[in-house]
Each structure stands twice: as structure tokens, then as C-alpha cells.
Protein chains: 2
Amino acid sequence: MPADDRAQPKQPIPSVWTRPRRGRREQPALSREQIVSTALELLDAEGVAALSMRKLGTRLNAGATSMYTHVANKDELVELVVDAVYGEVEVPAPGAPDDWRDATVRCAHSLRSTILRHPWMASVAGELGVTQLGPNVMRLSEGMLALFETAGLPAGEADLAVSTLTSYVMGITTAEAAWLTTLARHGQSEREWMESLWPAAEEAADGHPQLLVHYASLRHKDPRETREEKFDYGLRMVLDGLEARLTGAGGTD
Amino acid sequence: MPADDRAQPKQPIPSVWTRPRRGRREQPALSREQIVSTALELLDAEGVAALSMRKLGTRLNAGATSMYTHVANKDELVELVVDAVYGEVEVPAPGAPDDWRDATVRCAHSLRSTILRHPWMASVAGELGVTQLGPNVMRLSEGMLALFETAGLPAGEADLAVSTLTSYVMGITTAEAAWLTTLARHGQSEREWMESLWPAAEEAADGHPQLLVHYASLRHKDPRETREEKFDYGLRMVLDGLEARLTGAGGTD
DNA sequence: GCCTGACTCCGAACACTGTACGGACTTCCG
DNA sequence: CGGAAGTCCGTACAGTGTTCGGAGTCAGGC
């Protein structure tokens, strides 16, 4: 290492050699995909409140504002991550018409478990308006539309059915995810958390007989199983309702 | 005004007379109810991103941190506001068993329109875990439980039915509210926004035949009516599914 | 009268946030 | 050898939620 750094006048200590030679363009060093997938990691690990551009930057060995050349906004970044997550959902394959119910159940369960794997999705679902134009969401929508179309719903009802199904699944799963998030925030198991919550719940239910009965029946059940039963029950109701449109008289009212 | 302020050594300008005599205790000047209702105003007017403790404080002619004596947290404050909003929902009155379907429809519509009147609820729904112990939420739950109980569902299914219904309603309404929120943020009408979004939507739907057909069918409909039809369709499906549990054989599987 | 808590309000401060901007640097194209 | 384009980032700004210490005011007890 020759001492040719005397050309620079009065830099305190850092010579050219200690300087990290930024801007090297072996690879662009930062890519949209990398940013999105690291953001996903961060969200999964620490939740939506912990995702900050600075933290994301340091996790990528990058400056705080370096992401803005690849992503316009934090909001846009979140949109990208959300679509990436939707990519994990199993899209129903076009199959025989009499498969439709099984296929729908599989898709619904896949959607549920995907959200529960990324519970921060719940906090973010209510802020995404149109944004649902990402490729993975489109693929999923297309698959579900095709599913109900081939199942034999009356013309123009397929999209209504898709909306019904996804609304139900998102609604119940959002609540589950929020529940699991508060669990995690307090670092307790589902049982522990329910137990510590019990007195407050009973007091809140005071004067509400139906609720008290309901709570009592919940008391000694496995919370996770209860959640699954709930999900399956509602899913069955929705599918029963839809199935009646198939096999019934097919009237419009 | 006598010039007796020369007793105070070197205070710049403010004399005793200009000082605002804070701490007067005519009324406590700030109450939890007042804070909650002003927060609600602010949320309705400017959305969830615009609710800050400082802004809320100035709107109450109070200091930024004065709310913390009445409310532990911003999160707790939001919980209170959310429960207040649930208080606007029409609770089904206990009536004749054959009224159940009408009563449920009314309650579902009331829930929907309440959320759409306060669209920020969507952004916040995914973050509230257990918090659903507020008096108004309890009252609503109790009412719906009683409704399904008297309707004649098999024992232990009432709460499953409540969960199914509310999940569906919250799911679809959350999506609607998010859509309306992005509308408002861009200051456009539903039609305008759809129009300006059209090219992107068609491009995104490229290669997805079902979606393209669906979009085309949407093109010349009134968006608001479309949303209402969607809601009613799904609601009908859910209720059909539930009704079958009533009139059917009543088997457990 | 006076003292003692309890309560309510608030200014200042801390640690953080998203992001606009300008500059430094590299690479590519002519 | 120019530019031009693209990438990275330090700094700065305007805000955020919340803690803390203090100041003021009240009710009750003596």
C-alpha cells in the first residue's frame, strides 16, 4: 500500500483504504426484491410497529435512505410485501366441477394459514385500498373466479361468491391474527393470556347471561382448536349458502 | 393595571396579568368522555394518520401531554373510541323466533353503515386483540348471541353463528372502508377514481380472462350500488347457510 | 387558619419516525 | 474523453408518543 494519500490535505484519520468504497457496482448491491424480502423478514420477526426504514436499512447494510431509489414510499414497500405474501397462498387449480367444494376449502385454509404465518397482515389489511393490483393477488383472484365459474354458479355470480368467501376468511382471520399479535406482544401463551384475562372478561360480561354461558363453555377448551372449529363452521355456512345456488332452482331472487 | 410587577426581577414581558391562571378547577376542564369524543371527531374528519396527541390536545385547548392523566396510552384512547363507535350499532332486540332473519339483516346493515361512517375503523380493526371487552361491544355480542339462541340454533352453535356473521360483515366492510379511505385521500369521487385507475387495472388483469370479463362487467355500473349488492349477496349466503341449520335435520356433522 | 396529600395540567426533553435534498461516486453510452 | 444516468447516503426537517419534574388547585383534617 503506497502512501499516495498525501494528496488529500487535512482529512483526520480515514484514509482511502479505510473508506468503504461505496458505489462499487459489482451488483447493484440493493434490489427491490432484496428490500422486499428483508422487510418481510423484519415484519415477521418483530411486527408492523418495528418496521422502520432505518432499521431495514441497517439490516441490509445500507443507509437509511438508500431504499428510496428502489421504492417510492414506505407505503409502497408495504404494498409490495403484502403482494409477496399473497404469493404464498395456494391458488385453486382448474379442475372437475364436482371438486369445487374441496378446492375452495383448501384455498380458504391456505389463505388463513398464510395470514396467521404473517399476523402483521391484519394490521395492514385495512389500509390497502385499491392496491390489490399486485400480480399475486390477481393470480389468486383469477383462480378463485375460475373455480366458481366452472362450479356452475349462475352467470355473473362468480365474483360475488369470491367476495363472499374472501370477506369471510379475511374477517375471521384478521381477528385471529390480531389476537395472536397481542399474545406475542405480551410474550404469553394462548392459555396463559386467556387465564390472565379471565377476571376482566367475566366482569365485562356481567349482566349479559348469554355471554357468561359462552365464556364458561370456553373455559376448558383448547383455544387453538376452538379457533379452528370456529373457522371451519363459518366456512361451512358460507359454502352451504353458495352450494344452494348451484343445486337449487337457480332463480335470481 | 398598576405597575406592581417591579417586584419580579427580570421576567421579560409576561406579568401576572398576562399569565393564563391555569389549574382553575371550575370543572376538571378535561374528561375522558370529552377526550374520546374529540378524538372521534378528529378521526372522522382527517383519518387515522392525523390523530396525534398534540393535535388532539390543541383541539381541546389543552397541552399535548395533558391527556395522559385521563388515558394511559394512545392505544388505550383508540380502544375507547372504537368502543364508542360500536355503541352506534343497532343491537337486535329480543323478539319472536321467526323474526331472526330480518333482525340479523338489520343488525348487519347497521354494523356496515357504522363502519362506513367511520372508515378509519378498518385501519384499526386489525390491531385490536382482546380489547373487545368494552361495554358496547359486549352489549352487541350479547344481543347477537341471544338472537341466534332464540332463533333455534342447536346448542352451542349461537356463538359460532355470531362469529360467522360478524367475520363476514367486518371482512367485507373493512375492504369497503379501505377503498373509501383511499378515495378520500385522493379527493376523488368513486367514479373518477375508478376511471383513473382503469388502465392500471386492465394491465394488471392482462392474461387473466375471468378477471377481464369481470372488470368489463363492472365498467358501467354504479360503484356504490355494486358494493351494496355485493354485501347483500354475501349476507344472504351466510344467512342461508345458517338457516339450513335451523330447518334442517339438525345433525352435528 | 394551615397543612397535607391527591389530583390535574403542562413545558421540556428524549428517542424515533418518514422522507426531501444535494452531493459523491460509479458505470454506461457516444 | 465527456456527459448522462443511476445508485448510494449524510444531513436535516418536521413531526411522533411518552416520561418526568414541577406547578398549581382542591378537599379534608386539625
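Overview of values
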item	result
Only listed residue being within 27 Å of A:Arg112 (Cβ to Cβ), out of contact with any Lys or Arg (no Cβ under 9 Å at 6 or more places or on another chain) and buried (at least 21 other Cβ atoms within 10 Å of the Cβ), chosen from B:Ala175, B:Ala204, B:Ala155	B:Ala175
Flag for B:Ser66 being among the polar types (S, T, N, Q), at pLDDT 95 or above, loosely packed, with under 14 Cβ neighbours inside 10 Å and within 15 Å of DNA strand C (Cβ to nearest atom)	no
Extreme residue, surrounded by the most Cβ atoms within 10 Å (Cβ to Cβ), among residues of segment A:106-147 that are more than 14 Å from chain B (Cβ to nearest Cβ) and not hydroxyl-bearing (Ser, Thr, Tyr)	A:Cys107
Per-region count, segment B:88-105, residues within 14 Å of chain A (Cβ to nearest Cβ) and closer than 24 Å to B:Val78 by Cα	1
Helices (runs of 4 or more DSSP H) within segment B:179-253 that include 1 or more residues more than 25 Å from A:Pro94 (Cα to Cα) and at the interface with another protein chain (Cβ under 8 Å from one of its Cβ atoms)	B:190-204, B:223-247
Residue pairs meeting the criteria (Cβ under 6 Å; at least 6 apart or on separate chains; first facing chain B (nearest Cβ under 7 Å) and of a type in the set (Lys, Arg), in segment A:161-177; second buried (at least 24 other Cβ atoms within 10 Å of the Cβ) and in a helix (DSSP H, G or I))	none
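Residue by residue, here is whether (1) over 26 Å from A:Val48 (Cβ atoms); (2) over 26 Å from the mean Cα position of the chain (by Cα); (3) modelled with pLDDT under 95; (4) not aromatic (Phe, Trp, Tyr) holds:
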| site | (1), (2), (3), (4) |
| --- | --- |
| A:Ser167 | no, no, no, yes |
| A:Ile172 | no, no, no, yes |
| A:Glu190 | no, no, yes, yes |
| A:Ala200 | no, yes, yes, yes |
| A:Leu235 | yes, no, no, yes |
| A:Thr252 | yes, yes, yes, yes |
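The values are calculated or read from the model by the stated rules, or taken from the named source; none is laboratory data. Just so it is clear, the model here is predicted, and its values are computed rather than measured. All Cβ positions, glycine included, derive from the backbone under ideal geometry; neighbour counts span all protein chains shown.
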